[in-house]
Amino acid sequence: MARYTGPKCRYCRAERTKLFLKGERCHSGKCPMNDTKSTGLPGKDPRARSKKPTNYGLQLREKQKLKRTYCMLEKQFKLTFDEAARIPGKTGENLIMLLEQRLDNVVFRLHFAASRNQAAQFVNHGHIFVNGKRVSIPSYRLRPGDVVSVGAKGQKMLLVKENLKEYTKSGVCQWLSLDVDAMKGTFVAVPRRSEVTELEKINEQLVVELYSR
């Protein structure tokens with residue numbers, strides 16, 4: 001399966017914003033985005049003059065931010081967009097809802113993993129169960145009422161236990177519920193666009209305009 005294996009901080013520099021792709025490191029002083037003197041665009045001199053972005057450029061950047069936030073490659077992201085376009089309602093909002101239903105995203109939001117990339121790895125390695133059955137597909141789409149749990153081997157992992165400490169700091173999203181002791185969470189409902197505050201700076205309508213060109 002194709003996947004990006006390069007430096008993830010490069011993505012944040014390209015989008016000129018934190019995408020929180022490396023877990024706790026993104027919240028620490030080690031994050032390169034904290035150093036304003038070295039956060040120029042990848043491959044370009046930080047002192048170089050920036051050109052005025054075109055409409056296409058703005059649309060492309062919004063698409064890249066959203067795609068990279070959910071750690072997806074272009075083909076898979078486009079297929080998800082096409083499905084969102086077929087669902088009644090606003091395509092941009094439908095897209096966010098479909099992305100939030102991904103298993104790797106929910107594993108991350110339940111604090112079993114420190115990032116979506118790490119969550120996808122846990123799923124691929126068979127540490128995640130849905131309704132008692134092992135699921136090894138990160139893009140598996142959850143439905144309201146589905147129960148996501150960490151397997152017996154995963155519960156012994158120090159990394160998972162460390163990740164769950166984040167629950168005491170920030171809790172979980174309102175469309176999820178979590179039993180920390182049992183390492184089990186429930187996907188209560190599909191979130192509305194307004195509830196996904198992490199993406200409040202992303203304009204999904206520009207993504208729709210890009211793919212509608």
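The values are calculated or read from the model by the stated rules, or taken from the named source; none is laboratory data. Just so you know, these numbers come straight off a predicted model, no measurement behind them. Note that each Cβ is placed from the backbone with ideal geometry, even for glycine, and that neighbours are counted across all protein chains shown. Quick note on the areas: whole protein, heavy atoms, side chains included, nothing else; ligands and nucleic acids left out. Shrake-Rupley method; radii C 1.70, N 1.55, O 1.52, S 1.80 Å.
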*Which numbered condition trips up C31, out of (1) modelled with pLDDT of 95 or more; (2) open to solvent by less than 20 Å² (accessible area, probe 1.4 Å)?*
(1)
_I'd like the residue in the range 190-204 that is surrounded by fewer than 13 Cβ atoms within 10 Å (Cβ to Cβ) and not charged (D, E, K, R) and, out of all such residues, is farthest from L66 (Cα to Cα)._
S194
*Would you call L110 open to solvent by less than 40 Å² (accessible area, probe 1.4 Å), at pLDDT 95 or above, farther than 20 Å from T80 by Cβ and aliphatic (A, V, I, L, M)?*
yes
*Looking only at the range 163-187, which residues are surrounded by 15 or more Cβ atoms within 10 Å (Cβ to Cβ) and closer than 30 Å to A84 by Cα?*
V172, C173, W175, L176, L178, K184, G185, T186, F187
*Would you mind telling me which numbered condition in (1) open to solvent by less than 70 Å² (accessible area, probe 1.4 Å); (2) at negative phi; (3) not polar (S, T, N, Q) P53 fails?*
(1)
